[in-house]
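Chemist: Here's a structure for you.
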Amino acid sequence: MKQFLKGLLSEVTTEKLARFKNLQKESFDSLVTSRALPAHLVNIGRDAFHGVYLKQIPINTWKHINKRFGQLTDEDAREQFVGTVVAQIANCPEFISVIDHVYLKHLITEEELYLALLGSTLYMNGRIQEAHVAFRQLVDKHPRDTYYLYLYRSAIQLDDNEATAFINIQEAINSRPGNPYFRLCLASSCFRTFQTKKANEELSRIGERGLERIRKFPIAGMPYEKLKDSDAELKRAIEHRLLERPKSSSTTEAGDPYNDDFNDVYWPQLFHQFVTGTRFQNAWSFLSSAIGECIDHALKSDRSIRKVIDFGAYCAYPLFQLSQEYPDVDFAGVDRDKSTKRFNELAFGHVANLTFHAKHVQELLPLNRAEDNTLLFHSRTGTLIYPEKLKEIYRDCAKFGISLHRTLREFCSVTDGDEVL
């Protein structure tokens, strides 16, 4: 019978049916091995790639996913299961077309699972108010630590002063006073709303045991053991007023990892996240949006600005977008490695008012023309260089008449003795 059907169907149709069958099998097998979602093998030419296509999971497979979740009795296992699926939603905002359908709600009878998927999908699509409502229902019915964090994350986006986020995270702290991550979130909200003193107070209330729990998680891909090396490096730099960071062989070591080999891998990764993602999908996509919004705010606040220097531009997609919106403003992306300049010129170099420079920013500052009102933007790089070097750059900005972002000027004072930098 199989041979008869093969004779009737084209090779392409037969391949599609085979892939669909394999997709169903992989989906089910993954549940048997306690994996929440399947990883599919995609063949392109002679190469094979693993990936997850959430919206392409056969609809009946959700019955198995629902059943598998219902069989879990351990709270940590249920949270981990949901977290695995939610992580994939971040890569597939198109899943909204599936989760929004009443039929899937009929299949996913586990309310906890459905509300987590619904809220996450709404969030990834920028429907923040609806996502917050879904997470509110989730927390009210299933008050788990992770779900409080989902609620808080959506609340951050609701209003500029994070009023809702403060209420939600304080509720979480009252419910779970021993959870150090909630206190860390509260400190973060205080810092983002310029309540620096209160942020430090909240951090001090975490306690050493709480800090040890937090330290188990890597920050920006760097394990805590290596972060301790970075902390020691920074202390030495401040004590000895050092300017340049020592070179390191990778991002998991203290020091400066940037070189052409590193950029060959890292720049394309950021390009993919910046260009294909939205601010709600992951940290890099959010950074791309935040850079654009921050510079856009400065340009709207001061219409006299005629040049923007992005110090440490790296992947310059945000500058590329701004250069098209502001054709009368010159944008300069500065990064010291030649490979970064080459990548940016290849991707964005066709725009007349956007240039790229492979040099230290202090080489570019003296070229500023007196008639230009120039703005220096340094969102990430300012946190990756030594404080003494940053002071030196600020002195040069003052010397050559270059402005810093107004938020920085209003809320941050960098001083050295009686001299305001």
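The values are calculated or read from the model by the stated rules, or taken from the named source; none is laboratory data. Just so it is clear, the model here is predicted, and its values are computed rather than measured. With ideal geometry, Cβ positions are generated from the backbone for all residues, glycine too; neighbour counts draw on all protein chains shown. Keep in mind that these areas ignore ligands, DNA and RNA; they rest on the heavy atoms of the full protein, side chains included. Shrake-Rupley method; radii C 1.70, N 1.55, O 1.52, S 1.80 Å.
Chemist: Which fully enclosed helices (runs of 4 or more DSSP H) of segment 291-401 have 3 or more residues being of a type outside the set (A, V, I, L, M) and closer than 21 Å to PRO268 by Cβ?
Modeler: Counting at least 3 such residues, we get 317-325, 338-348.
Chemist: Are there any pairs with C-beta distances below 9 angstrom linking a residue in segment 125-142 that is on the phi > 0 side of the Ramachandran plot to a residue that is in a helix (DSSP H, G or I) and open to solvent by less than 60 Å² (accessible area, probe 1.4 Å), with the two at least 6 apart or on different chains, and if so which?
Modeler: Matching pairs, first to second residue: GLY126/PRO93.
Chemist: I need every pair where a residue in segment 54-66 that is open to solvent by 80 Å² or more (accessible area, probe 1.4 Å) and at pLDDT 75 or above has its Cβ under 9 Å from the Cβ of a residue that is assigned to a loop (DSSP other than H, G, I, E, B) and of a type in the set (A, V, I, L, M), sequence separation at least 6 or different chains.
Modeler: Qualifying pairs under 9 Å: LYS63/ILE108.
Chemist: Then there's this: Search segment 324-344 for residues that are among the small types (Gly, Ala, Ser) and pair each with any residue that is open to solvent by less than 30 Å² (accessible area, probe 1.4 Å) when their beta-carbon atoms are under 6 Å apart and the residues are at least 6 apart or on different chains.
Modeler: From residues that are among the small types (Gly, Ala, Ser), the pairs are ALA332/ILE309; GLY333/ASP310; GLY333/ALA313; GLY333/ALA316; GLY333/LEU319; GLY333/ASN344; GLY333/PHE356; SER339/ASN263.
Chemist: Something else about it: From the list TYR314, TYR258, TYR266, which one is surrounded by 15 or more Cβ atoms within 10 Å (Cβ to Cβ) and at positive phi?
Modeler: When all the criteria are applied, what remains is TYR314.
Chemist: Scanning segment 349-402 for residues that are of a type in the set (Gly, Ala, Ser) and open to solvent by 20 Å² or more (accessible area, probe 1.4 Å), which turns out nearest to GLU325 (Cα to Cα)?
Modeler: Taking segment 349-402 as the starting set, the residues that turn out to be of a type in the set (Gly, Ala, Ser) are 349, 352, 358, 370, 379, 382, 398, 401.
Add one more test, that the residue is open to solvent by 20 Å² or more (accessible area, probe 1.4 Å), and what stays is 349, 352, 358, 370, 379, 398, 401.
Numbers: GLY349: 16, ALA352: 13, ALA358: 25, ALA370: 24, SER379: 20, ALA398: 28, GLY401: 25 Å.
Among residues in segment 349-402 that are of a type in the set (Gly, Ala, Ser) and open to solvent by 20 Å² or more (accessible area, probe 1.4 Å), the one nearest to GLU325 (Cα to Cα) is ALA352.
Chemist: Within segment 62-78, restricting attention to residues that are touching a Phe, Trp or Tyr at 6+ places or on another chain (Cβ under 8 Å) and in a helix (DSSP H, G or I), which residue is nearest to PHE135 (Cα to Cα)?
Modeler: Here the answer is ARG78.
Chemist: Next question, about the same structure. Can you go through ILE214, ILE305 and tell me which one is among the aliphatic types (A, V, I, L, M) and modelled with pLDDT under 85?
Modeler: Residue meeting the stated conditions: ILE214.
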